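Encoded as structure tokens, the structure appears first; notes follow it.
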Amino acid sequence: MKSVVIYYSYSGNTKKIANILTESLSKTSQVEEIELIALDESRAFLKQCHRAFSKTRAKINPVKFDLSDYDTICLGSPVWAFGPAPAMNAYLDLCIGLEGKQIILFTTYGSGTGNQRCLDYMQDLLSKKKAGTFSRFSIAQLKVKEKDFVIKKIQETTRL
Ligand SMILES: Cc1cc2nc3c(=O)[nH]c(=O)nc-3n(C[C@H](O)[C@H](O)[C@H](O)COP(=O)(O)O)c2cc1C
């Protein structure tokens, strides 16, 4: 079994969840972690919201886009203006080799407004690439530091 955890994190919350997910997956499979970096992201909150809301694709670091080697593909993003961050949007467009794969989508969020919409958007893009099964989980930013809570949530939703 080979898995990959691909994530974008601006302020570290989603990265923490990605790290815990990687640790959980590593008990049963060989795991790689890929961090997406937005090369053109604004530091201004309103600009970030505008870019995310208008579904901008960020310029991202060159990473692996062909995912055909993996059995399980995990993709994580913070919720930005009810959708994924622009770096994740870019990756969702560019990735290939998802046909029939097990996909785990995860998000971190503040208030939770737009969280389901964000996950739906990610799932829709990957469904168009004929991905197989989807499971999804989300962690509120206030809960990110509670590792036991996060592990339980991962286990409940992904049955890892
Ligand atoms: C530009 C921006 C837009 C955001 N929009 C939302 C939102 O629509 N809904 C929500 O619940 N949280 C929103 N948040 C809060 C983030 O989703 C939350 O802080 C997340 O955990 C950040 O993850 P990170 O530390 O991995 O970047 C937003 C944060 C930023 C910076």
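A few points about this structure:
- Over region 2-155, relative contact order from alpha-carbon pairs under 8 Å, at least 6 apart, %: 24 percent
- For the chain, Kirkwood radius (reciprocal of mean inverse C-alpha pair distance, Å): 15.4 Å
- Where a label projected 7 Å from the Cα of Glu146 along Cα→Cβ would reach, residues of region 98-123 with amide N under 18 Å: 107-113
- Net charge dipole size for region 92-155 [Lys, Arg +1 and Asp, Glu -1 on Cβ; Debye, nearest 20]: 140 debye
- Farthest positive-ward along the chain dipole, Cα basis, beta-carbon charges - from Pro62, Thr22, Ala44: Ala44
- Under a model in which nothing but the beta-carbon of Lys, Arg (+1) and Asp, Glu (-1) is charged, the chain shows a dipole of about 360 debye around its Cα centre.
- Protein heavy-atom accessible surface, 1.4 Å probe, per residue over the chain: 49 Å².
- To put it simply, the accessible area of the chain at a 1.4 Å probe is 53 percent carbon and sulfur.
- Computed from the C-beta positions of Lys128 and Asn61, the FRET efficiency with R₀ = 25 Å rounds to 0.55.
The values are calculated or read from the model by the stated rules, or taken from the named source; none is laboratory data. On a predicted model such as this, the values are computed, not experimentally measured, just so you know. As a convention, Cβ positions derive from the backbone with ideal geometry for all residues, glycine included, and neighbour counts pool all protein chains shown. Note: areas computed on protein heavy atoms with side chains; ligands, DNA, RNA excluded. Shrake-Rupley method; radii C 1.70, N 1.55, O 1.52, S 1.80 Å.
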